[in-house]
Amino acid sequence: MDRFLAAVEGRAYRMAWIATGNREDALDIVQDAMLRLVKGYAGRPEVEWPPLFQRIVQSAIRDWYRRNRVRNRWRQWLGFSPATDDEAGGDPLQTTIASAAPGPDGELASQHAIDALEAALRALPLRQQQAFLLRQWEGLSVADTAAAMGVSAGSVKTHYSRAVQALRDKLEDHWP
Amino acid sequence: MSERQDDFLRQTRETLDAAERGIDGATRTRLAAARREALAALDRPHRPFWLLPASGLAAAATVAALTVSLWQVQPVDDTLAALEDIVLLSDEAEPEFYAELEFYAWLAEGAPQEDDNG
């Protein structure tokens, strides 16, 4: 179990970070998912751990979204403005993509590409974001992705297809 | 799938892999600590409910008290919406409970009675 978690924790953190845009929340999601896997499924065959872990992580991300939406609703009700990402002005996604052009050295260009991709992913609806990351990055089948997301296989195909199209529209002409 | 799309998707995978490799040392340390803590749970026996942390019991009591008070002054729909908000904002609640909220709402709204079925 230690080896398995060590192998997947970085990727899970990155997925949670893309979804939440917040380091502490992403760490909380991964920590909670690890704990749930260990407590609930450590006795299951190892081959079952990857899809189970993904299901727990994606469920935790969806819970985070719902809690965040409720927090914003209550903030509005109490007279506070909801937390937004664009208080600095301008469109952060467009700013990031515009800066994704090749830099003076490879490392900088690579970081720009990472920033641009993560910003574009974060701008997607959550379901599209999950479908894309699980299919493309985790390499899960449509059926396993559907199980992790708690939706039908047809829904996964639709969300994935829309995500690919949206990402290509936003990034393809800007990437090196 | 077009060759251009294949190239694009390969590039996204490589970029995401690079992002994972680029996780900073402090975050990696936190992840390793979280993993150790999770694995330590294997050695801890399950605690009976009366030994749950006081904060958990307090949260449960708060939810119960608010539910009762809201139920007395508001229609069922509003009460359930408020209850859902409270539960979602409580970190002690299990995700499975959220999934059951629609069932509780359906139950409270008056699940089909036997009389309704004929």
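Derivation of every value follows stated rules applied to the coordinates shown; laboratory data play no part. These numbers were taken from a predicted model, which means no experiment stands behind them. Heads up, the Cβs are rebuilt from the backbone with ideal geometry, glycines too, and the neighbour counts pull from every protein chain shown.
Quick notes on this structure:
- Principal axis extents of the C-alpha atoms in the range B:3-43 (largest first, rounded to whole Å): 51, 22, 7.
- Cβ-Cβ FRET estimate between A:D173 and A:S152, R0 fixed at 30 Å, reported to 0.05: 0.35
- Förster radius 30 Å - calculated FRET efficiency between A:E24 and B:R10, Cβ distance, rounded to 0.05: 0.40
- Packing rank of A:22-30, B:14-22, where each peptide gets the mean count of other beta carbons within 10 Å, highest leading: A:22-30, B:14-22
- Centre-to-centre, using Cα atoms only, the range A:126-152 and the range A:156-176 are separated by 15 Å.
- Order of A:S59, A:S155, A:S161 - criterion: other Cβ atoms within 10 Å of each residue's Cβ, fewest first: A:S161, A:S155, A:S59
- Virtual spin-label span in nm between B:R44 and A:S141, 7 Å along Cα→Cβ: 3.7
- Ranked A:F53, A:F4, criterion: other C-beta atoms within 10 Å, fewest first: A:F4, A:F53
- Remark: A:I18, B:I23 ranked as B:I23, A:I18, counting other beta-carbon atoms within 10 Å and listing the fewest first.
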